[in-house]
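The values are calculated or read from the model by the stated rules, or taken from the named source; none is laboratory data. All values reported here derive from a predicted model rather than from experimental measurement. We place every Cβ from the backbone using ideal geometry, glycine too, and count neighbours over all the protein chains shown.
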Amino acid sequence: MKSHISAEKNRLILIGLFGVVVGWIINSVPIGLATAFFAYSCWLVYQANQVDAWLQKGANRDTAPDTDGVIGNIEKLIFRGKQSDRSRKARMKKILGWYNRSASALPDATVVTNNNFEIIWSNEAAQTNLGIYNNKDAGQRIDNIVRDIRFQKYVKDNDPDEIEIEFKSPANKNITLAVRRVAYAENMYLFSARDVSQRVQLRETRAAFVANASHELKTPLTVVNGYLELLSEDDSLPLEARKKIAIAEEHAQRMKDIVTDLLTLSKLENQQLEASKLTAVDVGKILSGISADLKRNRFGKDHVIETNIDNNIQLLGSESEIESVCNNLCFNAVQHTPAGTVVTIKWQSLAEGGARLAISDNGQGIPPQHLTHITERFYRVDNEQSRESGGTGLGLSIVKHIVHRHQGELRISSEPGQGTTFSIDFPPEKVIPAANKKSAVS
């Protein structure tokens, strides 16, 4: 850069000297200088016009004008920048090609849309699994092509309850797809659909096995329970024998409870909650009844039971399922805490709409490592205490499924030594005002 500046300074000095010589000849140095610099300006304009014409024609190297000085240096910089842009574009084109080939080769159907859900791009798997063709369907709304009702609701919902939904492939009814929507870039969405047919088949097989096995076990267990009950009432048996029969009867009853809970879980997992069976559930009445039962129960009579119930709100749902949730949570609170623990039962409306059911205790609490697992089947925090209390290990799994079926959200918070709170938030659309009722606190 310095060499170009020095060369241009030298050029200006030479032009100035030339103007002085011309001025000396014509006996007017100012006129000589003006003439020399005017000629130099015309030369610069001429070169600039040539570079402009070259740029307008594409700035090809073969047609570059023969320029010098400042204009020549500008021409070289322009050409160098253009070469750099070409190299950068070539690299970007190559990277984009790699990305497109990689995305096209993905086994999962992938579709990119704008914020109006109009298709911008799709891969080959989208054609096979969703019936979306990259060239033909570009610009179409994705929910105009994939006509599944659940998918259309999922697309239109700004904040869907489910991160992922499952439905039959519109291109192949033998395939079940799990579809997920992800917002990325600026006002763009990526839809990913993967084949989960095997997962669904395994789930259905497991559910069928559990249901069949439970049904097969239920009949012989009923017979065993019946004979044990008869034997326990036989006064002619020795005391030691009656004690052993009582233990056997207790375990047989526990096995019967497990079978019953397994059947309940199988039903919850495989049957949709029918809208025709939804009723206005008086949750306050259910909780009041449970509270009274707890105070008479062999576990609950050693606890302090407090209630804060708003009888002005009811819940749209299945009465038997909601009653099961209330029973499970309330009896869990007294069965798994020591005598003297305060158990608080709350049913209140929320300021932002909806309602909350909360069961709290000030017992020993649950260690943090167990909190994410306690709603799993047969998971126990304390095996000995759970068996002594007669629990099946399935109660919280049942609660989780029922809450999900009623569009609620289950939260569990606990501090070791401070107590535990199970709370369920139900959305506003599930809450019904109950006329002429008042809150009850006891």
Answer with yes or no whether Ala207 is small (Gly, Ala, Ser), over 23 Å from the mean Cα position of the chain (by Cα) and over 14 Å from Ile142 (Cβ atoms). yes
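Condition check ((1) modelled with pLDDT under 85; (2) part of a strand (DSSP E or B)) across all residues:
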{"residue": "Ile305", "(1), (2)": "no, yes"}
{"residue": "Leu315", "(1), (2)": "no, yes"}
{"residue": "Val325", "(1), (2)": "no, no"}
{"residue": "Val334", "(1), (2)": "no, no"}
{"residue": "Gln348", "(1), (2)": "no, yes"}
{"residue": "Glu352", "(1), (2)": "yes, no"}
{"residue": "Ile359", "(1), (2)": "no, yes"}
{"residue": "His373", "(1), (2)": "yes, no"}
{"residue": "Glu384", "(1), (2)": "yes, no"}
Of (1) out of contact with any Asp or Glu (no Cβ under 7 Å at 6 or more places or on another chain); (2) assigned to a helix (DSSP H, G or I); (3) in contact (Cβ under 8 Å) with a residue 60 or more places away in the chain; (4) crowded, with 20+ Cβ neighbours inside 10 Å, Ser266 satisfies every one except (3)
If we ask which residues in the range 134-148 are in a loop (DSSP other than H, G, I, E, B) and within 19 Å of Asn172 (Cβ to Cβ), their number turns out to be 6
(1) under 28 Å from the mean Cα position of the chain (by Cα); (2) farther than 20 Å from Asp425 by Cβ; (3) buried (at least 18 other Cβ atoms within 10 Å of the Cβ) all hold for His336 apart from (1)
Test result for Thr176, farther than 30 Å from Gly408 by Cα and of a type in the set (Ser, Thr, Tyr): no
Just wondering, is there one or more residues in the range 195-208 that are of a type outside the set (Val, Ile, Thr), surrounded by 12 or more Cβ atoms within 10 Å (Cβ to Cβ) and part of a strand (DSSP E or B)? yes
With the first residue restricted to the range 204-221 and required to be in the same structural domain as Ile258 (by TED's automatic domain parsing), and the second required to be surrounded by 13 or more Cβ atoms within 10 Å (Cβ to Cβ) and acidic (Asp, Glu), Cβ contacts under 7 Å at 6 or more apart or on different chains are Ala207/Glu269
Inside the range 149-189, the number of residues satisfying the requirement of being at pLDDT 90 or above, charged (D, E, K, R) and in a loop (DSSP other than H, G, I, E, B) is 0
